[in-house]
Structure formats: structure tokens, C-alpha cells
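Q: Below you'll find the structure I mean.
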Amino acid sequence: MADREVVNYLADNKKKGVGMDSISLDSMEEETLPSHQIVLSNNMVIIENLTNLDQIGKDIFTVCLLPLKWQNADGSPIRAIAILDK
């Protein structure tokens, strides 16, 4: 679950999206999904359930997010790929 201050920072600084290794940007107890609302209202993407983030390190990297091509959907499973410049 993302801290609201972090979500506001990302939105205020015009970031393209937010990715995390948890199941949701908001707590499962949140009925109104406030962090989702902030992110989506700023045209950012939400990438949940990422794995192996510890293998990326702290250097800058390129990320490719490859969703399934579904029509009239509000989300999709993706293949997330990190390209490291090593």
C-alpha cells in the first residue's frame, strides 16, 4: 500500500506511473481507493504485483510493460521487463 504523500509527490511531479511489489496501491480496507483515484486522475499507470525488484539495483534502467491487447478493458496482466545498462 502506498503512502498518500508519495502518491501526491508522484502526481505533482508529472510521473508516468507507479509500480510496486504489493497487490494494491491502496489498503484492502479502503473502499474509495484514494491512492488509485489520485494516480488515475493524473493519467498515470498503476503496475501491481511486480517481482524480483531486488535484482534491479539502484541504477537507472529502462522498463518495458507489455500488456495483453484486450478491447474495452480497464486493466491487463503484463510482462514487465527491466533492461539494465551494465
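The values are calculated or read from the model by the stated rules, or taken from the named source; none is laboratory data. Remember, it's a predicted structure, so these values are computed and weren't measured experimentally. All Cβ positions, glycine included, derive from the backbone under ideal geometry; neighbour counts span all protein chains shown.
Q: Which of the residues that make up the range 58-76 are modelled with pLDDT of 90 or more and surrounded by 10 or more Cβ atoms within 10 Å (Cβ to Cβ)?
A: Scanning the range 58-76 gives F61, V63, C64, L65, L66, P67, L68, W70, S76.
Q: How many residues does the range 3-33 hold that are more than 22 Å from P77 (Cα to Cα) and of a type outside the set (V, I, T)?
A: Within the range 3-33, residues that are more than 22 Å from P77 (Cα to Cα) and of a type outside the set (V, I, T) number 13.
Q: Output yes when any residue across the range 34-41 is surrounded by 10 or more Cβ atoms within 10 Å (Cβ to Cβ) and either over 15 Å from the mean Cα position of the chain (by Cα) or more than 26 Å from R4 (Cβ to Cβ) (or both), and no when none is.
A: No.
Q: Restrict the check to the range 46-60 and report whether at least one residue is assigned to a strand (DSSP E or B) and not basic (K, R).
A: Yes.
Q: Next question, about the same structure. Suppose the filter is within 12 Å of the chain's Cα centre (by Cα) and assigned to a loop (DSSP other than H, G, I, E, B); does N72 pass it?
A: When the stated conditions are applied, N72 does not pass them.
Q: Condition check: part of a loop (DSSP other than H, G, I, E, B) and within 11 Å of the chain's Cα centre (by Cα). Does K15 satisfy that?
A: yes
Q: Which one of these is at pLDDT below 95, exposed (fewer than 15 other Cβ atoms within 10 Å of the Cβ) and of a type in the set (D, E, K, R): D12, D26, D54?
A: Just a single option satisfies the conditions, and that option is D54.
Q: Right, here's the next one. Could you give me the residue pairs with C-beta distances under 8 Å whose first residue belongs to the range 1-27 and is among the charged types (D, E, K, R), whose second residue is surrounded by fewer than 14 Cβ atoms within 10 Å (Cβ to Cβ) wherever it lies, and which are 6+ apart or on separate chains?
A: Listed by first residue and then by second, the contacts come to D21/N49; D21/T51; D21/L53.
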